[in-house]
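Written out below as structure tokens is the structure these notes cover.
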Amino acid sequence: MSRNRSRRLELPPAQENIEKLEKVIKEGNSYGAQQMYKSVSARYVSAERYSEALDILHSGACLQLTHGQVTCGAELASMYVETLVKGKIPYDEKSLDLVKEIYQAFPRVPLPQHLWDVDDVQQLSEDIGTAKARIEGCSSFLKAAIRWSAEYGADSNGSPELHIMLAEYIYSESPEADIGKVTYHFTRGNDPKKFASTLVNFLGKCYPGEDDLAIARAVLRYLSQGNLRDANLLVEEVKTQTESTEIEFPNSELMQFITYLLQTMERDALPLFNMLRVNYKSSIEREPAFNEMLDDIAEKFFGVQRRNPMGMFGDIFKLMGSAE
């Protein structure tokens, strides 16, 4: 205990180190500063002075990122979240704002909307590689932050705000946006209108046949979490926004299925739900994950127990387990 106390006394206020390290970065020695940020913050963590360690890592992450040192900044950002966990820092409005400040420091570099129109292939290849590094760094940071938030104050899915940030960054920075990943995080967020705007943007540039899949995927994701309200809000908002643009709301059998499905969810109508799955089987099977999500929806809304994937043997093992 006395050794720990002496170590606490030996360390100067964090602000002194922050100012010294800022000078090192401004002098252009980002790599040297990185090693110092890691070693200095580790001393404060070892002394259980978590608040000061967080101040140092927050300052370092933001500075490195704003100076274009994405790899260094992302590493410090991830260390910041690790320290939140070590210090058992609760998820609240203040801690969320500090995480958001780091997120906002990640560079945004627009890429050409149509990659095939670019003449300088080598430069394009370099830009794509840099974009992937940015996305990987920001994603690792935010995914860790989502896990921390789930453990220390947010709901079991993690902070809705953090999910929105991750969805936005993946969509805005990806050379070819993975709308599946974007949808996964938006549907765990709390802003269906913002998601609708992203979907409308995607509809304006996606390949033929991807538009109705994107909307259906979003609706089914919401419903598989039991969120009928946001599923309806999303569809209405997409329709409203497409009406004020040259983008057309898709008209297909899959969209007919989604329309009827949303109406069915409003009442206790399991037979109708099952009939829809049969009648629109070919449209639903355009994406393998749709049937699994529909199984989740049947369980959430109608109490239909999912079949054991191991079949009869799974039931036998279950009985054996209950007999012990």
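The values are calculated or read from the model by the stated rules, or taken from the named source; none is laboratory data. Just so it is clear, the structure is predicted and the values come from calculations on it, not from any experiment. Don't worry about glycine lacking a Cβ; one is built from the backbone with ideal geometry, like all the others, and counts go over all protein chains shown. The area values use the complete protein model at the heavy-atom level, side chains included, leaving out ligands, DNA and RNA. Shrake-Rupley method; radii C 1.70, N 1.55, O 1.52, S 1.80 Å.
Look at the dipole of the chain built from charges on Cβ: of 128, 223, 80, the Cα furthest out on the positive end belongs to 80.
Full-extension gain between residue 123 and residue 86, please, as 0.36 nm times their residue separation minus the C-alpha to C-alpha distance.
On the way: separation 37, 0.36 × 37 = 13.32 nm, distance 4.17 nm.
Residue separation times 0.36 nm, minus the Cα-Cα distance, leaves 9.1 nm.
The calculated 222 nm mean residue ellipticity attributable to helices in the chain amounts to -23500 deg cm²/dmol, summing -39500 (n - 2.57) over DSSP H runs of n ≥ 4 and dividing by all residues. So for the stretch 144-238, taking the charge dipole from beta-carbon charges (+1 Lys/Arg, -1 Asp/Glu), which of 214, 149, 201 sits furthest toward the positive end? Ranked along the dipole, the leading option is 149. Rounded to whole numbers, the Karplus 3J(HN,Hα) couplings from phi for the stretch 288-294 are x, 5, 4, 5, 5, 5, 5 Hz, using 6.51 cos²θ - 1.76 cosθ + 1.60 with θ = phi - 60°, and x at Gly and Pro. Note on residue 263 and residue 46: with the Förster distance fixed at 41 Å, the Cβ-Cβ geometry gives a FRET efficiency of about 0.10.
Skip the ligands, DNA and RNA, and give the accessible area per residue of the stretch 56-194 with a 1.4 Å probe, whole Å². Walk me through the numbers before you get to the answer.
Numbers: 6540 Å² over 139 residues.
The answer is 47 Å² per residue.
Using a Gaussian network model of the chain in which every pair of alpha carbons under 10 angstrom is joined by a spring, one finds that among 75, 243, 93 the greatest mean-square fluctuation is at 93. For the chain, the carbon plus sulfur part of the accessible surface works out to 50%, probe radius 1.4 Å. Per residue, the stretch 210-250 exposes an accessible area of 45 Å² to a 1.4 Å probe, with every protein chain left in place. Look at the alpha carbon pairs under 8 Å that are at least 6 residues apart: their mean separation over the length of the chain gives a relative contact order of 10 percent. With the convex hull constructed from alpha-carbon coordinates only, the chain shows a mean projected area of 23.9 nm² over all directions. Mean-square fluctuations from a GNM of the chain, with a 10 angstrom spring cutoff on Cα atoms, peak among 59, 172, 282 at 282.
Of the whole protein surface, residue 92 contributes about 70 Å² of accessible area at a 1.4 Å probe radius. Taken about its Cα centre, the chain carries a charge dipole of roughly 1380 debye when the Cβ of each Lys and Arg holds +1 and the Cβ of each Asp and Glu holds -1.
Computed over the Cα atoms of the stretch 178-312, what is the ratio Rg over Rh, Rh following Kirkwood?
Working: Rg = 14.7 Å, Rh = 15.3 Å.
Ratio of gyration radius to Kirkwood radius for the stretch 178-312: 0.96.
When the C-alpha to C-alpha distance is required to be over 22 Å, the pairs from 94/143; 88/181; 38/88 that qualify are 88/181. Highest GNM mean-square fluctuation among 123, 225, 263, for the chain modelled with Cα contacts below 10 Å: 123.
Over the stretch 143-255, the pair-distance histogram of Cα-Cα distances with 10 Å bins from zero comes to 14, 46, 31, 8, 1 percent, rounded to whole numbers.
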